[in-house]
Amino acid sequence: MFYWGNPIFFTSMLVLIPGVLLSLYAQLKVKSTYKEYSRQQASSGVTGAQASRRLLDQAGLTDVQIEEIPGQLTDHYDPRTRVLRLSQDVARGGSLAAIGVAAHETGHAIQDSKGYVPMKIRAAVVPAASFGSSLGPMIFFMGLIFSSFRPLMTIGIVLFTAAVIFQIVTLPVEFDASSRAMALLQSNGLVVGGEAKGARKVLTAAALTYVAAALLAILSLVRMVLISRNS
């Protein structure tokens, strides 16, 4: 029988520390970097929404709509409806941060149009990942608490694995979108000279949050496996 006083239960929590620390650092980094470059206006004089529209039209994606949504850093591209949603600060702002974020989301729209494989894989994993991320740990700990339902631990691990796969596949999708964004911004003269450095810093900081999320998910899975083997 597994006792809550078993050292492995608490020792395994140490496994999560690197992921938690990186997550906290990533959140602080993206907020501070976004704030810094939100104060620096791009010389092109266009807003985030205008930049996205120009890049979308250039890519032949005139059917992709741009919508303004509330919140900060809530920007995203929805491949189901083919709508690019930009937060108010990004859509209306002409800062390096706003244009960088808008171009990044435009990169996702272009990925979708070109059938970018990692993006397709991520979309296919979404249902299982959503289910696994919420119910996986719950089912796992139910199996841990009730010895007669111990097989639930394995089921929980399998379900949570889908969430981990989603986080891992997300990395190339986000990195590629940022790479496309920088290339588009520079080739279209939306950022010039040293402005590219600022836009790149914003995108790099944002990418770090995905790395942290993937690391934390992997370490959480490792912890579940350690507890399962020592229960």
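Worth a mention:
- Computed from the C-beta positions of LEU28 and ARG150, the FRET efficiency with R₀ = 25 Å rounds to 0.05.
- For the pair segment 57-89 and segment 138-183, the centres of their Cα atoms are 27 angstrom apart.
- Near the amide H of SER95, within less than 5 Å, lie the amide hydrogens of ALA42, all on another chain or at least 5 residues away, with H placed in the peptide plane.
- Our coupling estimate for segment 63-73, obtained by passing each phi through the Karplus curve with A = 6.51, B = -1.76, C = 1.60 and θ = phi - 60°, is 7, 6, 8, 10, 10, 9, 10, x, x, 10, 6 Hz, Gly and Pro reported as x.
- The relative contact order of the chain comes to 28 percent, based on Cα pairs under 8 Å that sit 6 or more residues apart.
- MET13 versus ILE69: modelled label distance in nm, points set 7 Å from Cα along the beta carbon direction: 3.4
- Normalised alpha carbon radius of gyration of segment 152-231 [divisor 2.2 N^0.38 Å]: 1.57
- Maximal additional length on extending the PHE131-ARG39 stretch stands at 29.1 nm, based on 0.36 nm per residue less the C-alpha distance.
- Peptide ranges 97-105, 154-162 listed from the most packed, as the mean C-beta count within 10 angstrom indicates: 97-105, 154-162
- Projecting label points 7 angstrom from Cα along Cα→Cβ for LYS120 and THR81 puts them 2.5 nm apart.
- Crossing angle, helix 96-114 versus the chain [Cα axis fit, 0-90 degrees, rounded to tens]: 70
- For peptides 90-96, 177-183, sequence by mean Cβ density within 10 Å, most packed first: 90-96, 177-183
- Cα-based reach from LYS120 at 18 Å (exclusive), listing aspartates and glutamates while leaving out same-chain residues under 8 positions away: ASP78, GLU105, ASP112, GLU174, ASP176
- Antiparallel DSSP beta bridges within the chain, as percent of all bridges there, nearest 5: 45
The numbers here are math on the coordinates, done by the rules we state, and not lab data. If you're wondering where the values come from, they're calculated on a predicted model, not measured in any experiment. In this analysis, Cβ positions are derived from the backbone assuming ideal geometry, glycine residues included, and neighbour counts consider all displayed protein chains.
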